[in-house]
Amino acid sequence: MSLEFGLEEEVFIVERNKPALDSLYPLYSLVKNNPNFYYLHTAVNLARGKDILDFFVASVEISTGIARTPEAAIEQLRLIRKEFVKECPQKVACLGMLPNYTEHTSLVSGFHVHISGDFDFKKARIALAHYLPALLLITANSPSLGNDYFSNRILQNPFSKAIVVDSYARFQDIIISRRLNTLEIRIFDPCVDLDRYLILLELIEKIILSNENVEFDFRNYAELRKESAMRGISSKKVEAIVDEICSKYDVDKYIFTYPPAIHTKKIFLDLGEEQAYAKLDALYRQGIEYQGSRLPKTLRALLGFFGYYIPKIPFSTYKFLKEHGYI
């Protein structure tokens with residue numbers, strides 16, 4: 001059996017240590033340069049509720065096409081990242097929440113994994129759900145300056161909550177996507193380290209191909225995801241799942257023991273907010289600088305809104321209706 005993968009990576013566009021007003025400009029530039037691909041493979045998450053009073057855009061999304069191996073999916077994302085940062089004059093922060101704004105619950109970024117193939121989606125969903133409290137630690141990357149949790153996004157995100165019985169219900173950790181007919185895992189934080197993404201995809205592939213039957217308790221899962229996001233393998237229950245994965249699928253326990261959040265928080269504590277965001281930007285760019293015109297910020301904001309957001313409304317509306325089962 002062969003699987004196919006697609007990746008969605010959401011990141012923050014940052015200026016003055018918060019989401020930039022002109023965050024849509026890089027997406028406008030990508031679509032202008034390659035409309036056939038990037039009209040469908042970019043998206044924006046707007047701030048919601050009371051957050052809209054302080055912010056307009058929360059995060060932006062880039063996504064891959066279909067890949068037939070984990071390695072091919074990661075290579076696609078690597079190339080798309082390069083094209084993205086060439087068009088981005090602001091700083092890029094690849095993490096689940098901004099450490100200085102974790103009280104704003106709609107300011108979130110995720111890393112979503114889509115899998116398709118000739119397998120039982122509902123059975124695979126439960127098998128993966130059994131391991132998700134451990135798997136989330138591979139990319140857990142939303143620390144806060146106000147607590148020591150690994151993933152504040154998982155604890156607070158209104159758009160991805162604990163698993164329910166209905167496989168198609170939106171805004172849970174793993175769903176069957178009506179629009180794409182894929183199994184979509186929505187729990188993961190984004191991180192700079194593509195090697196961690198590759199390990200994660202390879203484990204997902206192994207778990208699905210094993211076709212194993214697992215016992216699953218929905219209420220117990222909700223508590224386990226919370227413990228993992230807060231304490232990692234300091235929780236004996238979470239560590240037991242980690243040990244099970246390591247023994248079955250031959251993976252180093254280190255990848256679960258030290259989530260990216262540990263390094264990210266150290267950067268903020270050592271450097272302060274301004275220099276920390278500059279460091280995160282440099283890590284994501286990998287030496288690739290902005291290569292566009294130095295337009296005024298107000299003009300970039302207008303181009304992003306009228307040249308990207310407005311033209312995307314028809315497709316965004318279709319996505320909403322399809323994903324929620326209205327069409």
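The values are calculated or read from the model by the stated rules, or taken from the named source; none is laboratory data. Every value quoted in this text rests on a predicted model; they were computed, and no experiment measured them. Cβ: placed from backbone, ideal geometry, glycine included. Neighbour counts: every protein chain shown.
A search for C-beta distances below 8 Å between a residue of region 245-261 that is touching a residue at least 12 places away in the same chain (Cβ under 8 Å) and closer than 21 Å to Leu283 by Cβ and any residue that is among the polar types (S, T, N, Q) and assigned to a loop (DSSP other than H, G, I, E, B), counting only pairs 6+ apart in sequence or on different chains, returns Pro259/Thr139; Pro259/Asn141; Pro260/Thr139; Pro260/Asn141; Ala261/Asn141.
Residues that are closer than 17 Å to Pro35 by Cβ and free of Cβ contacts under 8 Å to residues at least 40 places away in the same chain within region 286-310 comprise Phe306, Ile310, listed in sequence order.
Among the criteria (1) in contact with a helix residue (DSSP H, G or I) (Cβ under 9 Å, 6 or more places away or on another chain); (2) at pLDDT 95 or above; (3) of a type outside the set (A, V, I, L, M), the one Gly292 does not fulfil is (2). Residues in region 289-321 that are among the basic types (Lys, Arg) and over 24 Å from the mean Cα position of the chain (by Cα): Arg294, Lys297, Arg300.
Picking from residues in region 273-295 that are small (Gly, Ala, Ser) and surrounded by fewer than 12 Cβ atoms within 10 Å (Cβ to Cβ), the one that is farthest from Glu15 (Cα to Cα) is Gly287. Residues that are buried (at least 22 other Cβ atoms within 10 Å of the Cβ), in contact with a strand residue (DSSP E or B) (Cβ under 6 Å, 6 or more places away or on another chain), hydrophobic (A, V, I, L, M, F, W, C) and closer than 14 Å to Cys88 by Cβ are absent from region 40-56 altogether. When Ala169 is tested against (1) in contact (Cβ under 8 Å) with a residue 40 or more places away in the chain; (2) not in a strand (DSSP E or B), only condition (1) is not met. Leu24 satisfies every condition listed in (1) surrounded by fewer than 24 Cβ atoms within 10 Å (Cβ to Cβ); (2) closer than 18 Å to Phe305 by Cβ; (3) not charged (D, E, K, R) except (1). Checked against the criterion of being hydrophobic (A, V, I, L, M, F, W, C) and under 17 Å from Val14 (Cα atoms), region 68-83 has no qualifying residue.
If only residues of region 4-20 that are touching a helix residue (DSSP H, G or I) at 6+ places or on another chain (Cβ under 6 Å) and aliphatic (A, V, I, L, M) are counted, the one that is surrounded by the fewest Cβ atoms within 10 Å (Cβ to Cβ) is Val14.
Just one of the listed residues (Arg16, Arg48, Arg81) is basic (Lys, Arg) and either closer than 27 Å to Ile199 by Cα or in contact with a Pro (Cβ under 7 Å, 6 or more places away or on another chain) (or both), and it is Arg81.
For region 186-230, give me each residue that is free of Cβ contacts under 8 Å to residues at least 24 places away in the same chain and either within 22 Å of Asn152 (Cβ to Cβ) or in a helix (DSSP H, G or I) (or both). Once the filter is applied, which keeps residues that are free of Cβ contacts under 8 Å to residues at least 24 places away in the same chain and either within 22 Å of Asn152 (Cβ to Cβ) or in a helix (DSSP H, G or I) (or both), region 186-230 yields Asp195, Arg219, Asn220, Glu223. For region 80-101, the criterion of being in contact (Cβ under 8 Å) with a residue 24 or more places away in the chain, buried (at least 21 other Cβ atoms within 10 Å of the Cβ), within 30 Å of Lys50 (Cβ to Cβ) and charged (D, E, K, R) is met by at least one residue.
Just wondering, is there one or more residues in region 57-66 that are closer than 19 Å to Phe306 by Cβ and modelled with pLDDT under 95? The answer is yes; a qualifying residue exists.
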